[in-house]
Structures are given as C-alpha cells and as structure tokens.
C-alpha cells in the first residue's frame, strides 16, 4: 500500500508541477466547449439541445489529451523499467497511475462543467446531473484510454495512434453519458437507467483496463 | 535480507532480438560477496544480458535463478537495475525523486533517505529540482537509490559513465561495501571499475 500511495502522490505531483498536464485538460475542455456557441450562433434552443453532447465530446477529447504521455514519459526516462521491477503486480501499478491521472485531469474538468453549462444555455438545476454523469463516466474513459497509452508507449508519435485506437472503444460511454445528461435536461426518459449503465461501464473498465494495459506493457518491453 | 548463501545462477541463456541472436549459451554463477564483470565489444550483448537478468527482456532459452534470497520473490524483485537512463523526474526535487523510489521499491516506511543522499554528496541540493542537476549529479542521485533500498543483486550497466574520478572512487567503495555485506554485483563495463580482481565474463567471443 505504501508503494502504491507513493506512486499515486508522485504522479499527482508531476501532473501539477511545471510541464505537467493537470490543468491542460480542463483548459482544453473549456476552449473546445466555448467555441461551440460561436460556431452555432445565438440559437438558445439549439444550444440547450446539443449542450450535453458538446460537454461530453469535450470531456472525452480532453481526458484523452494528456493520456498519451502517461507511460511514454516513464518509458523515456527509464522509470518504467524500475516500475516493473517492484514487488507490486504491474496491474496495480498501472491502476494507481490511472487513478492519479483521473484525479488530476478529469476531476478539474468536472468542476468547471457547471460554468460551461451557462454558455450552452443548459439549466443550472440540470447541470448537477450532467456533472454527475461525468463523474460516473470519465473513469471509464481513463481506464479504456490506459490500454491505448500502454500499447503506444514505445512509438514516437503514439498520441495520434492512441486516439484512433481508443476513441471507437469509448462509443458506449459516450452514448450512455449523453443519454443520462439529456434525460436530466430535457427528459422525458428517466435519468436512472443510462446512469446505472454508465456506472457499470466504469466499473468494468476499472477491472479490465489495468490487466490489458499491464499485458500491453509487458509485450512492449520486448 | 541478504544471506551468505545467496546465489545467482544462469544456465544456457540465449536472447533473440529482432530476429537476431544476440547471445547464446551463456553460463555463469555468482555467489554472495562476489562481483562478475561483463566485458566485450559494443553490441556483444552486455546490456541485453543485464536486462534479461532484470526481467526486462525475455530470454529465448535458458533459465535464471536467484537462490537463497527471499523465496517468494523473483529475481527482478530482489535486484536493483542501473541502466543508461537515470529514472529521474526533472520537475521533482532531488529529495522527492529519491523518496519516491525508496518508498516504491520497498524501503521501510520510517527509513530516512538522508544517509543515502549524504553518501552520494547531494544532501546540500536536496531541495533543488532535478532538472538543474548535471549528468554526473543525476547519475549519483540514481546510485543513491541502490543505497536507500536494500536489494541483494545489483545489475549495473556502465555505472561509471558521467562520473568524475572522485565519484567513481565513491561508487567503488559502495560496491565493496555491498559485496562485504553479502551482496552480488553483475556489471557491464569497458574500463576499470575499482574492484580488486573481479571475475570477468567476456561476451561476444563465443556468441
């Protein structure tokens, strides 16, 4: 536990220091979502209708943005070799890195979501539910993205490949995330079912992601 | 942690990379308190052999066994690997870097990293971000890791590179101390490493 906590703290520290990606994700999210009203024009009804989808697409892209360096930076400076020589199973090491990434990248993004809702004419009372759907769904994005990050670790321009690999896998999360957010904003379908499925997707990827990523890293070392 | 009966045995090791046989038929045994120096021309497979023993590359044949250590742990978990890269994060301070590796690699929670930093003469720079260190200072910080966490087997790949003569002398002292405490060392090097008459494995000639 001591070792896992040390790794979690190190990764969070790295993300918040100079050159870390913690606030980049949230800023990117902010910029992407703010561009939409400029592109669509001042049609308030239309903005409210596509609001949840825009927020979710923004969150999806922003949470993948910093993921490509998750293992690549450790690989480049030799840390990855030492991380695999620990008494900890690689699966746990990988999971700890993903949790640190979620805390530093996805959490700030969820915090600023209510502010962005204003720009998209989404009702303030519904913003809570949209944020809740992001809390439930973004862990799935991180843990699915983890697999892509592990697969592309040794590639020079791994980031692009990772996006191509990972984005199709996130389609179910996107569908149910937007469905839950839509249910909260415009109805009439209930919020519960899509939200529950979103939770299930996150839990399943929390279990599968670290195993797949650890296997990919072991292969990549060859 | 180390006992006098610790023994590293490699039998008939072979490694293939990118379809090319890097080495084959490597046999050696290293016992507690003993150092084995790997020599040979560039590309003879010294680094590859160290990475195979560290579990970072898969051997295509043969087996590696560390006996007499802690039974339930593999060779990699009882070894320190010091490769060409120093595994140092530039945005963390010197102390944070070492503290992390000490805790992650399994030093006792209450253990202090101060003695290790003192030993490599970096204590005065403890609060400096590692980005400002020179290549030699980074190497020394990396060596401090070997001292901060006790592991019986040291796998060293060109450990003296970037070090000045004083630091090389210090490293030799660390190695002698490690051997005296029942440790094992496997080191790849081109130059003298500062140990008295270590055993030598010449690679590439037979390969």
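The values are calculated or read from the model by the stated rules, or taken from the named source; none is laboratory data. The shown structure was predicted, so the numbers you read here are calculated from the model rather than taken from an experiment. Counting neighbours? That spans all protein chains shown, and the Cβs are built from the backbone with ideal geometry, glycine included.
Given the options A:192, A:148, A:128, A:220, name the one that is more than 21 Å from residue A:33 (Cβ to Cβ), over 13 Å from the mean Cα position of the chain (by Cα) and away from chain B (no Cβ under 14 Å). Of A:192, A:148, A:128, A:220, the one residue that is more than 21 Å from residue A:33 (Cβ to Cβ), over 13 Å from the mean Cα position of the chain (by Cα) and away from chain B (no Cβ under 14 Å) is A:192.
No other residue among B:21, B:50, B:13 is closer than 22 Å to residue A:78 by Cβ and touching a strand residue (DSSP E or B) at 6+ places or on another chain (Cβ under 9 Å) apart from B:50. Of the strands (runs of 3 or more DSSP E) lying entirely inside the stretch B:32-102, those carrying at least 1 residues that are in contact with a helix residue (DSSP H, G or I) (Cβ under 8 Å, 6 or more places away or on another chain) and facing another protein chain (nearest Cβ under 9 Å) are B:79-82. Scanning the stretch A:1-41 for residues that are in a helix (DSSP H, G or I), without any contact (Cβ under 8 Å) to a residue 60 or more places away in the chain, within 14 Å of chain B (Cβ to nearest Cβ) and under 19 Å from residue A:109 (Cα atoms) turns up A:13, A:14.
Where helices (runs of 4 or more DSSP H) sit wholly within the stretch B:104-207, those with at least 1 residues that are closer than 19 Å to residue B:32 by Cβ and touching a residue at least 24 places away in the same chain (Cβ under 8 Å) occupy B:135-148, B:165-180.
All told, residue B:115 falls short of being surrounded by fewer than 18 Cβ atoms within 10 Å (Cβ to Cβ), within 9 Å of chain A (Cβ to nearest Cβ) and farther than 22 Å from residue B:200 by Cα. Residues that are buried (at least 20 other Cβ atoms within 10 Å of the Cβ), modelled with pLDDT of 85 or more and farther than 30 Å from residue B:18 by Cα within the stretch A:184-222 comprise A:194, A:195, A:198, A:201, A:202, A:205, listed in sequence order.
If the condition is being more than 18 Å from the chain's Cα centre (by Cα) and away from chain A (no Cβ under 14 Å), then the stretch B:5-31 contributes B:5, B:11, B:12, B:13, B:14, B:21, B:23, B:24, B:25, B:26, B:27.
For every residue, the table says whether it meets (1) over 23 Å from residue A:185 (Cα atoms); (2) within 17 Å of the chain's Cα centre (by Cα).
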position	(1), (2)
A:2	yes, no
A:6	yes, no
A:17	yes, no
A:34	no, no
A:37	no, no
A:43	no, no
A:69	yes, yes
A:78	yes, no
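Is it fair to say residue A:66 is at pLDDT 85 or above and touching a helix residue (DSSP H, G or I) at 6+ places or on another chain (Cβ under 6 Å)?
No; evaluated as a whole, the condition is false for this residue.
Looking at residue B:52, is it surrounded by fewer than 21 Cβ atoms within 10 Å (Cβ to Cβ) and touching a residue at least 24 places away in the same chain (Cβ under 8 Å)? In short, no. Residue check: residue A:48 meets all listed conditions (1) in contact (Cβ under 8 Å) with a residue 60 or more places away in the chain; (2) surrounded by fewer than 23 Cβ atoms within 10 Å (Cβ to Cβ); (3) assigned to a loop (DSSP other than H, G, I, E, B) but one, namely (3).
Is it true that some residue in the stretch A:202-211 is in contact (Cβ under 8 Å) with a residue 24 or more places away in the chain and under 30 Å from residue B:16 (Cβ atoms)? Looking for residues that are in contact (Cβ under 8 Å) with a residue 24 or more places away in the chain and under 30 Å from residue B:16 (Cβ atoms), one finds at least one in the stretch A:202-211, hence yes.
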